[in-house]
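Written out below as structure tokens is the structure these notes cover.
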Ligand code: XMP
Ligand code: MG
């Protein structure tokens, strides 16, 4: 694996510690609420599974898969829902679980979409954040780590569907994707 990795940005130990902290905070904040985790496929799967184990109360878990509408999404932020939720969001307190926020367009769209469908509240929990790349403001309620503008893989994140199973987050060597 070393041959494709430029640098480990977040170690396995640091991720595990952070996920437990986030789980504790979410447990406190949602004590009297109707929490439903919405994971965004596929990148958020590993993070969502670990996070859910750190939340000490009953939660619903559901997933969505989205893709951007080609070029137009860079200006409009409209995303296409490939797989929708199984549950209704009505009267639920939704926590969207994402692997990474880049431009913010995906989450700005999804937050608005879930609110319009009658969610009681919609908040965002992301493992990684690339603040330098933001195009639209999105309130990040729970953030694991801010990272520089590097293409990263691991802990759910892929390059051409590979490397999702790495237990840490790493920047790829430029020659791998150029
Ligand atoms: P937005 O809408 O915030 O998109 O621009 C967030 C989505 O972009 C993908 N993304 C990455 N995926 N390594 C990846 O594997 C990266 O460095 C990276 N940066 C952005 C990701 O799918 C995320 O959900
Ligand atoms: Mg991806």
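State the number of residues belonging to region 39-62 that are within 13 Å of ligand 1 (Cβ to nearest atom) and assigned to a strand (DSSP E or B). Qualifying residue count, region 39-62: 3. Can you tell me which residue among 102, 93, 29 is touching a strand residue (DSSP E or B) at 6+ places or on another chain (Cβ under 8 Å) and either free of Cβ contacts under 8 Å to residues at least 40 places away in the same chain or over 20 Å from residue 147 (Cβ atoms) (or both)? Of 102, 93, 29, the one residue that is touching a strand residue (DSSP E or B) at 6+ places or on another chain (Cβ under 8 Å) and either free of Cβ contacts under 8 Å to residues at least 40 places away in the same chain or over 20 Å from residue 147 (Cβ atoms) (or both) is 93. State whether the residues of region 102-113 include one that is away from ligand 1 (no atom under 12 Å from the Cβ) and either surrounded by fewer than 21 Cβ atoms within 10 Å (Cβ to Cβ) or under 15 Å from residue 64 (Cα atoms) (or both). Among the residues of region 102-113, at least one is away from ligand 1 (no atom under 12 Å from the Cβ) and either surrounded by fewer than 21 Cβ atoms within 10 Å (Cβ to Cβ) or under 15 Å from residue 64 (Cα atoms) (or both), which makes the answer yes.
Checked against the criterion of being at pLDDT 95 or above, under 17 Å from residue 156 (Cβ atoms) and loosely packed, with under 13 Cβ neighbours inside 10 Å, the candidates 18, 42, 83 yield just one match: 83.
In summary, residue 143 fulfils each of the numbered conditions (1) more than 14 Å from ligand 2 (Cβ to nearest atom); (2) buried (at least 17 other Cβ atoms within 10 Å of the Cβ); (3) in a strand (DSSP E or B) with the single exception of condition (2).
The values are calculated or read from the model by the stated rules, or taken from the named source; none is laboratory data. All of these numbers come straight from a predicted model, not from anything done at the bench. Here Cβ is always computed from backbone atoms with ideal geometry, including for glycine, and neighbour counts include all displayed protein chains.
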